[in-house]
Amino acid sequence: MENIEDYRKAGKIAAQALEFAKSLVKPGISLLEVCEKTEEKIKELGGELAFPVQISLNDTAAHFCPDADDNIILKDQIISIDIGVHINGFIGDNAATVDLSNKHKDLVKASREALDNAISIIKPGITLGEIGKTIQDTITKYGFAPVRNLSGHGLDEYNIHTTPTIPNYDNKDTTILEQGTIIAIEPFASAGAGIIYESSNPTIFQLAGKKPVRSIITRQVLKEINSYNGLPFCRRHLVKKFGLPKTSFALRELKTLGILREYPPLIDKSHGLVSQAEHTILITKDGCEILTKA
Ligand code: MN
Ligand code: MN
């Protein structure tokens, strides 16, 4: 595979950045500071953001990204950190959960162990359903529910979510994995329903097409968005560059034009606490190589 070195480099930086973010997570620090320092770290290490650093708390499984004026302080939450880095468009995606309450160690262990167990059975020829079953069995053994409507995914150049879809439960999918495929596996364990819903107030977006844009303001903002090469972006980064009024105006216009995809926070239906673990791996001749390794 010709781009494997870029994948390896992106994966290594993503893993180092995740370790760095985990080391920052302590009672008293703001969520915003963890995000911003980690994003700086990624650039320092020579990586680009494949998506803004995401830190989801408690019953939020994913897709939370603080705005520029966010004032959440970390205290005793369950904190899932999800980091994506790219090198020339080739992405490493990984995540981990920290329990600042110290009361939910098993919840954190459940998703991590599900990930480890899935990785241990992976080799060419394994079916997606078998991976899902391993994840489900591990998480239910701890008394939790795997989040069924979130899944792992393939990765491609400047494309964070592509086929195959890696289930977090036994969906009986008989599609087999082949050597050379790069996927992210990401089990979520829930102390609640194990089904997430899309809430409101998205802060993460993606450009979903091209259309002629009239206003000068939106054109300016769009120029910046285009520099992300189709990858997700957050309002905070635009607000830093253009201020809130211009950013809001532009996002509104793009939404009206129907070319703005929104990613609102994903929250457990019964508001159970959720943990997540994720690695990006390459399927090798007789197993797999973990690419998101520090
Ligand atoms: Mn991720
Ligand atoms: Mn992912």
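No value in this document is a laboratory result; all are computed from the given coordinates. Because the structure is a prediction, the values reported are computed rather than measured. Backbone-built Cβ (ideal geometry, glycine too); neighbour counts: all protein chains shown.
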ask   = Per-residue ellipticity at 222 nm for the chain, helices alone: DSSP H runs ≥ 4 residues times -39500 (n - 2.57), over residue total, nearest 500 deg cm²/dmol?
value = -10500 deg cm²/dmol
ask   = Among 194, 125, 230, which one shows the biggest mean-square fluctuation in a GNM of the chain, springs joining Cα atoms closer than 10 Å?
value = 125
request  = List the residues whose amide H sits under 5 Å from the amide H of residue 292, counting only those 5 or more places along or on another chain, with H placed 1.01 Å from N in the peptide plane.
outcome  = 280
remark   = For residue 141, counting only aspartates and glutamates whose alpha-carbon sits under 13 Å away and dropping same-chain residues fewer than eight positions off, the answer is 106, 113
note = Taking every other residue with Cβ under 11 Å from the Cβ of residue 164 and scoring Lys and Arg +1, Asp and Glu -1, one gets -2
task = Given the options 173, 268, 82, state which has the largest fluctuation in a GNM of the chain using a 10 Å cut-off (strictly under) for Cα springs.
result = 173
query = ³J(HN,Hα) across the stretch 174-182 via Karplus (A = 6.51, B = -1.76, C = 1.60, θ = phi - 60°), whole Hz, x for Gly/Pro?
reply = 9, 4, 9, 8, 10, 4, x, 6, 10
query = Going highest first, how would you order 108-117, 209-218 by mean Cβ packing within 10 Å?
reply = 108-117, 209-218
query = For the residues 279, 63, what sequence is obtained by ranking on other C-beta atoms within 10 Å, fewest first?
reply = 63, 279
message = Students often check this: by mean Cβ neighbours within 10 Å, which of 176-185, 84-93 ranks highest, and how do the rest follow?
response = 84-93, 176-185
Distance histogram for the stretch 107-238 (every C-alpha pair counted, 5 angstrom bins, percent rounded to whole numbers) = 2, 10, 16, 17, 14, 13, 11, 8, 5, 4, 1, 0
task = Compute the signed sum of charges (Lys and Arg +1, Asp and Glu -1) over the other residues within less than 13 Å, Cβ to Cβ, of residue 95.
result = -3
message = How much length would be gained if the chain were fully extended between residue 174 and residue 22, taking 0.36 nm per residue of separation minus their Cα-Cα distance, in nm to one decimal?
response = 51.1 nm
query = Under a GNM of the chain (C-alpha, springs under 10 Å), which listed residue has the highest mean-square fluctuation: 148, 219, 235?
reply = 219
ask   = Which aspartates and glutamates have a Cα lying under 16 Å from the Cα of residue 241, excluding residues fewer than 8 positions away in the same chain?
value = 36, 39, 40, 67, 69, 224
note = The summed charge of the residue 232 Cβ neighbourhood (under 13 Å; Lys/Arg +1, Asp/Glu -1) stands at -1
inquiry  = Give me the base-10 log of I(q)/I(0) for the stretch 213-294 at each q in 0.21, 0.24, 0.26 Å⁻¹, Debye formula, one uniform scatterer per Cα, rounded to two decimals.
reply    = -0.94, -1.10, -1.23
query = Under a 5 Å amide H to amide H cut-off, with H placed in plane at 1.01 Å, what residues pair with residue 260 once short-range neighbours are removed?
reply = 208
remark   = With a 22 Å threshold on alpha-carbon distance, the violating pairs from 37/246; 75/105; 22/269; 22/285; 37/223 are 37/246; 22/269; 22/285; 37/223
query = Short version: ³J(HN,Hα) in whole Hz for each residue of the stretch 61-73, in order, from phi by Karplus 6.51 cos²θ - 1.76 cosθ + 1.60 (θ = phi - 60°), x for Gly and Pro, what are they?
reply = 7, 6, 6, 9, 9, x, 6, 5, 10, 4, 10, 5, 10
